[in-house]
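A.B. asks: Mind looking over this structure? Questions follow.
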Amino acid sequence: MNWGKLPVAAESLRWSTPPLAIAALTAGGIVLAVAAATTADAAGRTLVGLAAVVAFAVAALAVRQRPRLEVLPDGAGLAVTRLSGRRELPRAALMRVRIVAYPRLGRRVPMLEIDVRDPRGDEQLLIFGRWDLGTDPRAVYDALAVRGLAPDQTPS
């Protein structure tokens with residue numbers, strides 16, 4: 001029996017940055033803003049204030065891009081939410097979906113890569129990590145593969 005996993009039909013078909021991570025970023029931004037407002041050192045105030053602005057900006061971007069990746073109804077394709085808005089990718093636009101391990105901080109981290117070709121023939125590479133998806137990219141890949149949304153598995 002598969003005790004640790006939900007059946008395929010019960011799995012979530014939407015992935016995005018976890019709300020708790022966004023809340024933590026916002027709380028960190030508030031703490032930094034208070035620290036910037038209460039410090040007497042002008043240079044320190046500027047640097048800590050800048051850090052607060054960056055924390056708020058990253059949290060706002062994460063909220064704006066929810067859900068980051070989603071399976072369309074009936075497995076017709078994928079929807080990707082970016083800063084410019086939501087973009088639906090039909091199954092025919094998906095050229096390759098794969099997991100690639102990139103070196104990060106001395107270890108190899110899995111990333112989900114999706115190669116897309118739009119109707120004009122332009123190609124685009126979309127890369128999603130754990131922060132974007134809120135879970136291990138390999139689990140998302142497995143969910144996409146089960147639904148037939150991971151074409152062309154050959155390495156490049």
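The values are calculated or read from the model by the stated rules, or taken from the named source; none is laboratory data. The model shown is predicted, which means the values in this text are computed figures rather than measured ones. Cβ sites come from the backbone with ideal geometry, for glycine too, and all protein chains shown count toward neighbours. Remember, those area values only see protein heavy atoms, side chains included, never the ligands or the DNA or RNA. Shrake-Rupley method; radii C 1.70, N 1.55, O 1.52, S 1.80 Å.
A.B. asks: Mind checking the per residue accessible area of the range 18-156 for me, 1.4 Å probe, whole number of Å²? Walk me through the numbers before you get to the answer.
C.D. replies: Working: 7980 Å² over 139 residues.
Counting only protein heavy atoms, the per-residue value for the range 18-156 is 57 Å².
A.B. asks: What does the helix-only formula give at 222 nm for the chain: each DSSP H stretch with n ≥ 4 adding -39500 (n - 2.57), the total divided by the residues, and the result rounded to the nearest 500 deg cm²/dmol?
C.D. replies: Numbers: 4 runs with 57 residues, N = 156.
For the chain, the value works out to -12000 deg cm²/dmol.
A.B. asks: Another question, then. Could you rank MET111, MET95 by how accessible they are, 1.4 Å probe, largest area first?
C.D. replies: On the way: MET111 25, MET95 55 Å².
Output order, biggest surface exposure first: MET95, MET111.
A.B. asks: How high is the FRET efficiency from ARG66 to ALA43, r the C-beta distance, R0 25 Å, rounded to 0.05? Each step should come with its number before you reach the end.
C.D. replies: Details: r = 36 Å, r/R0 = 1.45.
Computed FRET efficiency for ARG66 and ALA43 comes out at 0.10.
A.B. asks: I'd like the carbon and sulfur percentage of the solvent accessible area for the range 41-90, probe radius 1.4 Å, heavy atoms only, ligands and nucleic acids excluded. Each step should come with its number before you reach the end.
C.D. replies: Details: 1790 of 2720 Å².
Carbon with sulfur: 66 percent of the solvent-accessible area.
A.B. asks: For the chain, find the longest principal axis of its Cα atoms and tell me its angle to the long axis of helix 19-38, 0 to 90°, nearest 10.
C.D. replies: With rounding to tens, the tilt is 20 degrees.
A.B. asks: Now for a different question. Helix 137-146 versus the longest principal axis of the chain: what angle, 0 to 90°, nearest 10, using Cα atoms?
C.D. replies: 30
A.B. asks: May I ask for the angle, rounded to the nearest 10°, between helix 42-64 and the longest principal axis of the chain, with both axes built from Cα atoms and the value confined to 0 to 90°?
C.D. replies: It works out to around 30 degrees.
A.B. asks: When the Cα atoms of the chain are enclosed in a convex hull and the volume is divided per residue, what value in Å³ results? Mind dumping the intermediate values first?
C.D. replies: Working: hull volume 26.0 nm³, N = 156.
For the chain, the hull spanned by Cα atoms encloses 167 Å³ per residue.
A.B. asks: What FRET efficiency, computed as 1/(1 + (r/R0)^6) with R0 = 41 Å and r the Cβ-Cβ distance, is obtained for VAL34 and TYR102, rounded to the nearest 0.05?
C.D. replies: Working: r = 36 Å, r/R0 = 0.88.
So, using R0 = 41 Å, E works out to roughly 0.70.
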